[in-house]
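Read-outs: derived from the displayed coordinates by stated rules, not from any lab. Just so we're clear, the structure is a prediction, and the values are computed from it rather than from any experiment. In this analysis, Cβ positions are derived from the backbone assuming ideal geometry, glycine residues included, and neighbour counts consider all displayed protein chains.
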Amino acid sequence: MDRQAQLRWFAREVLPHEPDLRKWLSGRVRGLDSCDVDEVVQEAYARLWTGDRDAIRNARAYLFVTARHIVGEHLRRSRIVAIDFVADLDSLNIIDEEMSVHRRLSGQEELARLYEILQTLPPKCRQAFELKKFQDFSQRKIAEHMGIAESTVEKHLAKALRLVSDAMKEAPAGAQDGRQRERRFWKWG
Amino acid sequence: MEDSVSAGSGNGADIESEATAWAIRSAERPLDRAEQLLLDEWLETDSRHLGAFVRAQAIWLDIDRVAALDGGTQRDVPVPAHNPPWGRYAMAASIALAAFGGTVAYDHLAGRISTERGEVRRIALDDGSILTLNGNSAVQVRYEDDVRRVILRRGEASFEVAHNRQRPFIVSANDLDVRAVGTEFVVGIEEEGVEVTVEDGVVAVDGKAAGSARPRYIRRNEQFVMAATGARKAVLDTADVERRIAWRKGVLVFNGQQLSAAAAEVNRYSNLRVVIEDPTLARAEFMGVFKLGDAETFAGAAAQAFNGEVVRRGDELVLTRQQNSPSH
């Protein structure tokens, strides 16, 4: 796999689980000053990326287990830990329903989420992003169209990506109740 | 931006700012030598930098896929040069708003739905009909006041049509029109031609490619094939039809079934067989949702759930408990 294909794999198999992972983690790094959720996710992604991807059969389970290991490492390094935190970590030895069940967003839901996020971007930032991603403009063409320097376009795009990727840390409003919706969803069959 | 890309690990949020800046740069143009060195140095400083960078790159790339879902105009219809830059956006935004209102609205250019290989997607349309899209398939939903039209672009789709005599439901595939009022049927663009299989009710096959002036009626458990060599109709038995549409559900759901029963189910759709020799493991209760045919994921998840391992033996995936594992 070339890097593009690897990134696509990552986007398809790993990223959709991030909101659930963050939610799951946020209740568990409480009282642990040395690590925050962002850092655990970054570290988990680094390990997933450099590890043997061919051996990963269930990226969701792998991601959760890796994150749990990372929290465990922080835990061993830190001296003072809230007692309920240890209890939480112990309870994570089994792969529960939360870990194994995931509802994938439909294309329409993904698109709706993207548009919702775009509403929150500063105007120039959003314009540059939309020209890039929806009109396939090059950076130069965006610069001409908006009457700004190419380096400014790059800054707008970087900021847009930062804001979009921040927003993607949380599940979209409609999918908050993913587990219940999933049951209903499959019942139609 | 040059100064924002500096060494030092920083906290999670700082790392993300730098990671997104690098992701944009490396995606939009080749990095020059100095930049490449800076990036390499930054990545080596802390493994979290790599994680954040990969995340930012993957999100940036994945937005292309999501943006392409925007009505499919990019792939199907060339955008006219005079199109105002926001035309397509405004249209898609109206879909987005409708989606948040609870139902998904479709207009002429929007409503494109596609799947990748191995993915089956089940979609409730806003009239109550249900569309199930097989892997590597694409449809375009065009609902109008007097007709509900779905165009099969590629692959295969199954339809459970909500009854509405005033508003016929028509599936078009390669110049073939399949019209239904309250029924269940499957349309596929196969190598040999367009194939229509009726599970329940009656459909009328019509259109340029149907090879006859009058519509042909296809009934329950019948199959119509419009091949290059001509049209033919076959009668199937119920089991054939069921096998034909087994993909439609696309997933296997286990909700506390014994692992042995779950494995038997998985094995029906896979060349790789999951084998469980340990009797206590075979009786363990299991939960999860798996794609049809994905025996490897199933075996991996079961192994993780019960602290076991998977050993590949020819075309068998043998699930065993680890030697020193406590009983579960």
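Things worth noting here:
- Amide H to amide H distances under 5 Å link B:Arg149 with B:Arg142, B:Tyr143, B:Glu144, B:Ile170, where only residues 5 or more positions off or on other chains count and H is placed in the peptide plane.
- In nm, spacing of pseudo-spin labels at B:Glu285 and B:Asp126 (7 Å Cα→C-beta vector): 4.3 nm
- Distance between the 7 Å Cα→Cβ label points at B:Glu41 and A:Val65: 3.9 nm.
- For the range B:140-203, the list of GluC sites (Glu not before Pro) that fall in a loop by DSSP and count at most 13 other C-beta atoms within 10 angstrom reads B:Glu144, B:Glu190, B:Glu191, B:Glu192.
- Of A:Lys132/A:Lys159; A:Lys132/A:Lys169; A:Lys133/A:Lys169; A:Lys23/A:Lys155; A:Lys133/A:Lys155, those spanning more than 25 Å from alpha-carbon to alpha-carbon: A:Lys23/A:Lys155
- With a Förster radius of 41 Å applied to the C-beta separation of A:Glu170 and B:Ala213, the computed FRET efficiency comes to 0.10.
- For B:Asn221, distant residues with modelled amide H under 5 Å away: B:Val198, B:Glu199, B:Asp200
- The loop-placed trypsin sites (Lys or Arg not before Pro) in the range B:117-195, going by DSSP, that have at most 15 neighbouring Cβ atoms within 10 Å of their Cβ come out as B:Arg117, B:Arg165.
- Counted by neighbouring Cβ atoms within 10 Å, the residues B:Val198, B:Val235 run from fewest to most as B:Val235, B:Val198.
- Extension gain from B:Lys233 to B:Gln166, taking 0.36 nm per residue of separation minus the Cα-Cα distance: 21.3 nm
- Inter-chain Cβ neighbour average for residues B:223-236, partner chain, 10 Å: 0
- Gain upon complete extension [B:Leu31, B:Glu277; 0.36 nm per residue less C-alpha separation]: 83.1 nm
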